[in-house]
1. In the range 42-92, which residue that is modelled with pLDDT of 95 or more and acidic (Asp, Glu) is surrounded by the most Cβ atoms within 10 Å (Cβ to Cβ)?
2. Under the condition of being among the hydroxyl-bearing types (Ser, Thr, Tyr) and closer than 24 Å to residue 278 by Cα, which residue from the range 204-231 is surrounded by the most Cβ atoms within 10 Å (Cβ to Cβ)?
3. Considering 28, 84, 66, which residue is acidic (Asp, Glu) and closer than 18 Å to residue 138 by Cβ?
4. Can you go through 185, 234, 201 and tell me which one is in a strand (DSSP E or B), crowded, with 23+ Cβ neighbours inside 10 Å and either in contact (Cβ under 8 Å) with a residue 12 or more places away in the chain or aromatic (Phe, Trp, Tyr) (or both)?
5. Restricting attention to the range 233-247, does a residue exist that is in contact with a strand residue (DSSP E or B) (Cβ under 7 Å, 6 or more places away or on another chain), at negative phi and not aromatic (Phe, Trp, Tyr)?
6. Going by the structure shown, is residue 32 in a loop (DSSP other than H, G, I, E, B), of a type outside the set (Gly, Ala, Ser), over 18 Å from residue 267 (Cβ atoms) and more than 16 Å from the chain's Cα centre (by Cα)?
7. So, of the residues in the range 37-87 that are touching a strand residue (DSSP E or B) at 6+ places or on another chain (Cβ under 8 Å) and basic (Lys, Arg), which turns out to be farthest from residue 201 (Cα to Cα)?
8. In the range 276-299, which residue that is surrounded by fewer than 22 Cβ atoms within 10 Å (Cβ to Cβ) and of a type in the set (D, E, K, R) is farthest from the chain's Cα centre (by Cα)?
Amino acid sequence: MSTEIFHLTTGQTQTIAALEALAYERLESRGLGGLDIPGAYLEAAKSLISAKKTLILTGFPVRGAELGETDGPPGALAVGKALELLGQQVAYATDTHSSTLLEMGRTHLGMSAEVHPFVPDSKAAELIRLYTDFEPDLIFAIERPGKAADGHCHSMRGEILSDLTPSLDLFFELAACDQKPTLAIGDGGNEIGMGRLYEKIIKQVPKGDVIAAVTAADVLMPASVSNWGAYVLIGALSLLSGKNLLIPPETASELLHTMVDMGAVDGATKLRQTTVDGYSYEENQSVIMAVHGMIGIYF
């Protein structure tokens, strides 16, 4: 892939700062107040635009629900679509609770990316096989449960989820051994990559001493809602590439409604409805519309 990286004007740099502020403005609602990392989204976008193959980890199972939650897969699909528009190869690693959501989404978006589901007792060799066969040069996790200090993945409620889903932290470990960059978006402290803020999370996030993920990303992008972080990241990627890469708001709406129809739930309420992390459908749509408004003047 040969992608030209455009020089950012002062206005574009200010727009990316405004986009980051949008991702960070409600961090306190999840106990992450004050844990924003200025410049992280631009740094991540620069890494992504230089990649050729990206492996995306996503999907968060919810105990008692048929399928996974509404946060994560929509954002992961939007990022994957943006990367394919830039000529990249993309693959997804997830669990069986979210694999059907991703399969539907990639078909809806006309993507060629393959979805690789893993079960709770998947062996390390199976993950290594995907890593070796696909040969990613970058690993990106968004709203994907990460191992805590006890070796288990946990929900924000402190529930152990290891019987529902495998840990995919190994992909970050493999990338670190090969000196390949790792990026992550998370909104609760229990996701892969959030180990970068481990000490702060165990002190200020509810049940943080139990749920805090230990695996750190090279570049961590905290977000009020992980899907929102994905849209902000694509906004930065669009300004760097000189091409609007963000899916239309109506497409985001279609993805969310279809996922809920399939059985996806809001991770905060465990209800099968078109909300994400307790935020209404309208609030979620307003974020992707705001990102389009911020970057639209450049295209």
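The values are calculated or read from the model by the stated rules, or taken from the named source; none is laboratory data. Since the structure is predicted, the reported quantities are computational estimates derived from the model, not experimental observations. Every residue, glycine among them, receives a Cβ derived from its backbone with ideal geometry; neighbour counts consider all protein chains shown.
1. The selected residue is 71.
2. Out of the qualifying residues, it is 226.
3. Within the list 28, 84, 66, the selection yields 84.
4. It is 185.
5. Yes, that holds for at least one residue.
6. No; evaluated as a whole, the condition is false for this residue.
7. Among residues in the range 37-87 that are touching a strand residue (DSSP E or B) at 6+ places or on another chain (Cβ under 8 Å) and basic (Lys, Arg), the one farthest from residue 201 (Cα to Cα) is 52.
8. 282
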